[in-house]
Structure formats: C-alpha cells, structure tokens
Amino acid sequence: MNKLTRRKLITTGIAATAGASGLAVADRLARNYGLIPPDSGVLYGAGETLTYAAQRILTNHSLAREFPRSEISKPPFVNGGPPTDEVFRRLQEGGFVDWRLAVDGMVARPAAFSLAELKSYPSRSQITHLACEEGWSYIAEWTGVPLSHVLDLVGVLPKARYVVYFSIDRDWWDSIDMADALHPQTVLAYGLNGGELPLGNGGPLRMRVPRQLGYKNVKYITRLTVTDDLKRFGKGLGSASPEAGYAWYAGI
Amino acid sequence: MQNRAFYWRIRKQRKAGRCFEKRKGRGCAPTGKKEHARSFGGALDTATVLRVSSKDGANCYHFLVGDSAWISTSASAIPAATTVPARHSAMVRVTHWITTLCFFALLVTGVEILISHPRFYWGEAGNVNTTPLFKIPIPASRSTVPTGYGYVLPDQNGWSRYLHFQTAWLAVLMGLLYVSWGVFSGHFRKNLLPAGADLSWRAFAAAVAKHARFKPPDSSSYNLLQRLTYLSVIFVFFPLVIWTGLAMSPAIASVFPAMVSVLGGQQSARTIHFFVSVVLLLFVLVHIVMICLTGFKNRMRAMITGRDHE
C-alpha cells in the first residue's frame, strides 16, 4: 500500500510538472506566434484563446466564401442609422469631400486619404455574407480598396502587429491582427451592390472584415493606427467590444 | 456461462453456510415472484432471482440463467466471486458530469443568444426583411426584431457568447476524450453496441413494448433502446450540434466551405443547431425521468461513486 502510494505520488508529480511546463512552453510559443488575443485575461479568456489560436493556425490564408449575384439579399438590409451629430451632418452636406482617413502609428509615412484618393486605388468587389452576433445576416456586394494596399502606401513597420480603426462615432473602435489586416478580402468599403455605400450600411467608409462577425465591420471609419501593442488603447482589451462584454476576435 | 451469470457482491459471508446478506428489514421470506436482483439489497448484479427460500437458516436462491434455463442453488454452491465490477468506470463518471455541466451552461447561454433574434430562416442569409421559416413567439433582447411585444428584454449576449464558446471547447474536449477512450477500452463494443441478435425489428418492437408497459429491466446492462439512444446521442446528435455550431463561424466557413453548403447555408446551420439542441434537451429530460423511475438514489450513486448498490 505504501509503495503504491509513493509510486502514485511520483507519477502524479511528474505528470503535473510535465503538464505545467508543457503549458508554459505552449504559452511562450503562442505568444511568439501571435496566438493570444488581447482579451485573453477576461473571465472567459481561456475559451477565447483556444478559439483564436486554433483559427489563426487554420485560417491564415483562407478566403471567406463569395456568392453569385443571385444570392444578394433583397431588399438590402440596414441596421441602425448614421451618426446624428453636427460634425457628421456637416460632412454629409459637403458630399463627404472633406472626409479623411488618417493613418498613423507604426508606419513610415503617416498620411490622410480623401475618399476620392481611396477610390482611385485598385478596388476589389466581393459578394460576401455579413452575420451579426444577434443571429441575422445578409449577403451583399461590397466594393472598396484592400486595406493591404493602403498599408503598403504608408509603409507598415516590420514590428507592427495590429491595425486599430476608429469610427467618427467615438464609442466605436476596433482592431484586427496583421493576418486579417493584410488579408485580400479585408477592404475599406465605399460601395454596396454597385452603388455608393448607403449611410445606414456605414457609408461613406466602412471596414469590411468578411471572416469575422458584423460588429468587427466598424462603420464611418476616419482613422487607422498601426501598433504592436493594444494595451495602449482604451482599457487594453483590443477594442470597444470586450469593454462592452463581447469577444475581441469574432471569427467565432 | 454459470460464472458469467453470477456477479456477486458479497457483503457478509457467513462462515458456515456462506449465507448472504438478508434482504434489508424483510428477512428471507420465500417468494414465488420473479424479482430482479437489485431489489435484494444488492446481492446480485446480473442474474434474475426467481425465488428465495429459507432452509435451516441459510438462504436458497433460485436464479434465471440466460433466457429460459434456471437453476436452484444453496448459498454454498455459489461461486465465491467477491467483487462486482463498478457499474460506471471513472472515465464515464468524470466525462458524464463535466459534460452535464457543459450541457446546462450551453443551454442557458444558447437560449440567451437565441432571444436576441428569435427568428429562424433557411438558406444562407436571413434578417427581418426575410420571410422566416418560423418565429418563436417570445420578446427579444434587441430592439431590431419586431416581435409584437412592446418591450425589449435585458441583453445578455456578451457573456453568454463568451461562456457558450468556452463551454463548447470543454464539451468537445470531453467528447474527444470519452470517444477515444470508449473505442480504446472497448466500452462502446461491450456496453453500447447492441448484440447482433438484438438488431431486428422484432427485438426492437419487444423492447419498445416493454418500455411502454414500464417493465423493469432484466439485468443491469443497458437494454436495446438505451443502447440505441446513447449511441445516437454520442455519434449523431453531439457531432451534429458541433458541426452546425462550427458552420455558423465565418472563419471556419472560410476554411471548410462545404461544412456550410451541404447544410443549405449559414442560416440553415443555425436552424438545425436549434433543432438538434431541442433533441438533446428532450434526451436529457427523458434521461432524468428514467433515472427517477428506476431509482434516483441508486442511479445517482452509481454515476457518482461507480457502485450500484449500498
């Protein structure tokens, strides 16, 4: 009996040590390869970390599904309306000619782009699915300039890890990692279903990240900040979503 | 054959007559009724006791062996096996209770997520401009859904989603552990796969009829309906609920688009996810009712300690 107990003790000890060091190694590797989301420390961070890490490994180069034109949802769906504040109203009255997208942070050449400039760059149109965390969804054709093109123009520094994007509505900001920022389907969208992007859908400029849920697709984008550390933004959880109780990574 | 029928759990073995523990509080009155071993304070595990008679202070047991043959034996003739294997192995018990916790967490958070948009669609896309497949006539937790109710429920979607996905991970890991162990240890083959002879409509009809008449089981091993139910929950409904859950993920859909398209679309996946969850909930409810009917205390003890009887 004594012998067995000691053997059990030793086995348990070795297993525990192996487990703990295994976790430490996994944590180190995960950090090195950018597999830890910024909200990993919240109450349900363990599940989020598993999801984010698993999907980063699986989905690095995968393309969101694109659909035939016949699948476009009719009538077009609009969730919510544009900001009602004075600043937005004045920009709207001016036909958004004064709308600027500022790009700063870890870039070689910080810049501000007008909508006309953005529209002059190579564009990408894609018919993709947009799903809200509530459960509804719609399919539409989105047209915009790939975010990677804009990032190339400003010259992203090698150490950059995230792109933080801000809406003119100050409550709404979010961020994505470089895998999503440089993804060919991630676009700064200014067109919907062949026309201008309606205000209700985020016009004049909306971030479109088709491999993530609707709330990552922030409307009325005015600023991008490239960074290697999300701790400096808001409460340090990566975006406004975790501050409101929602996961930062929304690939599900 | 004889040994297989006798799984003994000997509580008190009297030196002289090797007599077994008496039926609690009732003595060893002869009985002509066919009674299941379990009602004898746990003396027997798999054999059916037909009759117990008392002779010279020592009990004489009459057992049904197999389907028709039966033997009478005095206690002294009973093989002196001493321990009964645990009804549920530690692996079954641990994965059972962790999965139970997961199920209820997934259920509560799933309902929370559902009430933010209690409408279901078929196909790829669906929203309030789309004709729903059906609506659940409850108020919603978001003002974006026209429910006909004049108020909006408190929104609990954030933590519900976090907890739903975290719990899903735990449930999936438990499932993988259980299934790989079940294959490796022969648990499925021994305890869940129906015997070849049972795989006929006749056997199935007989099992259904027996259930309908609330007849107690012949033995402590799982009966045909139980086996089929557990197998379908483990190998059909759980995989289906995981699949339809993953099919709702835009990132997973980008890697495995066929996972979504064979279901008919992302909204179809959501709808199927809902129905499979309902099936699983019904399973759990019936499971609980069956436990109450067959002896709540014994069944709970068996799943917690592994021992069938006190």
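The values are calculated or read from the model by the stated rules, or taken from the named source; none is laboratory data. Only a predicted model underlies this, so the values are computations on that prediction, with no experimental measurement involved. Here the Cβ is made from the backbone with ideal geometry for all residues, glycine too, and neighbour counts use every protein chain on show. Side chains included, ligands, DNA and RNA excluded: accessible areas come from the protein's heavy atoms. Shrake-Rupley method; radii C 1.70, N 1.55, O 1.52, S 1.80 Å.
The table that follows gives values for the structure above.
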read-out: Any hit, the range B:281-291, residues being open to solvent by less than 30 Å² (accessible area, probe 1.4 Å) and at pLDDT 95 or above; value: yes
read-out: Any hit, the range A:217-224, residues being touching a residue at least 24 places away in the same chain (Cβ under 8 Å), buried (at least 24 other Cβ atoms within 10 Å of the Cβ) and facing chain B (nearest Cβ under 10 Å); value: no
read-out: Residue count, the range A:34-73 (criterion: at the interface with chain B (Cβ under 8 Å from one of its Cβ atoms) and either part of a loop (DSSP other than H, G, I, E, B) or open to solvent by 30 Å² or more (accessible area, probe 1.4 Å) (or both)); value: 13
read-out: Qualifying position, being away from chain A (no Cβ under 14 Å), touching a residue at least 12 places away in the same chain (Cβ under 8 Å), part of a helix (DSSP H, G or I) and closer than 23 Å to B:Thr167 by Cβ, among B:Leu246, B:Leu228, B:Leu280; value: B:Leu280
read-out: Within the range A:22-39, considering residues that are modelled with pLDDT under 90 and not aliphatic (A, V, I, L, M), the one nearest to A:Tyr246 (Cα to Cα); value: A:Gly34
read-out: The range B:249-277: number of residues that are open to solvent by 50 Å² or more (accessible area, probe 1.4 Å) and either outside any helix (DSSP H, G or I) or in contact with a Pro (Cβ under 8 Å, 6 or more places away or on another chain) (or both); value: 2
read-out: Matching option when the condition is among the aliphatic types (A, V, I, L, M) and either without any contact (Cβ under 8 Å) to a residue 12 or more places away in the chain or assigned to a helix (DSSP H, G or I) (or both), among A:Leu118, A:Leu101; value: A:Leu118
read-out: A:Ile10 being closer than 23 Å to B:Leu246 by Cα, open to solvent by 50 Å² or more (accessible area, probe 1.4 Å) and of a type in the set (A, V, I, L, M); value: no
read-out: Extreme residue, farthest from A:Ser73 (Cα to Cα), among residues of the range B:113-125 that are in contact (Cβ under 8 Å) with a residue 60 or more places away in the chain and at the interface with chain A (Cβ under 7 Å from one of its Cβ atoms); value: B:Glu124
read-out: Among the candidates A:Ala160, A:Ala131, residue that is small (Gly, Ala, Ser) and closer than 28 Å to B:Ser143 by Cα; value: A:Ala131
read-out: Residue count, the range A:7-42 (criterion: acidic (Asp, Glu) and touching a Phe, Trp or Tyr at 6+ places or on another chain (Cβ under 7 Å)); value: 1
read-out: Pairs where the first residue, in the range B:126-145, is without any contact (Cβ under 8 Å) to a residue 40 or more places away in the chain and more than 7 Å from chain A (Cβ to nearest Cβ) and the second is assigned to a loop (DSSP other than H, G, I, E, B) and small (Gly, Ala, Ser), C-beta under 7 Å, 6+ apart; value: B:Pro132/B:Gly126; B:Ala140/B:Ser116; B:Ser141/B:Ser116
read-out: Residues of the range A:74-84 satisfying the condition of being more than 10 Å from every other protein chain (Cβ to nearest Cβ) and in contact (Cβ under 8 Å) with a residue 40 or more places away in the chain; value: A:Gly81, A:Pro82, A:Pro83
read-out: Of all residues making up the range A:157-183, the number that are within 16 Å of A:Glu243 (Cα to Cα) and free of Cβ contacts under 8 Å to residues at least 40 places away in the same chain; value: 1
read-out: So A:Thr227, is it among the polar types (S, T, N, Q), in contact with a strand residue (DSSP E or B) (Cβ under 9 Å, 6 or more places away or on another chain) and closer than 29 Å to B:Thr144 by Cβ; value: no
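Table: residues versus (1) within 13 Å of another protein chain (Cβ to nearest Cβ); (2) in contact with a Phe, Trp or Tyr (Cβ under 8 Å, 6 or more places away or on another chain); (3) at pLDDT 90 or above.
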| position | (1), (2), (3) |
| --- | --- |
| B:Tyr151 | no, no, yes |
| B:Ala171 | yes, yes, yes |
| B:Phe184 | no, no, yes |
| B:Ser200 | no, no, no |
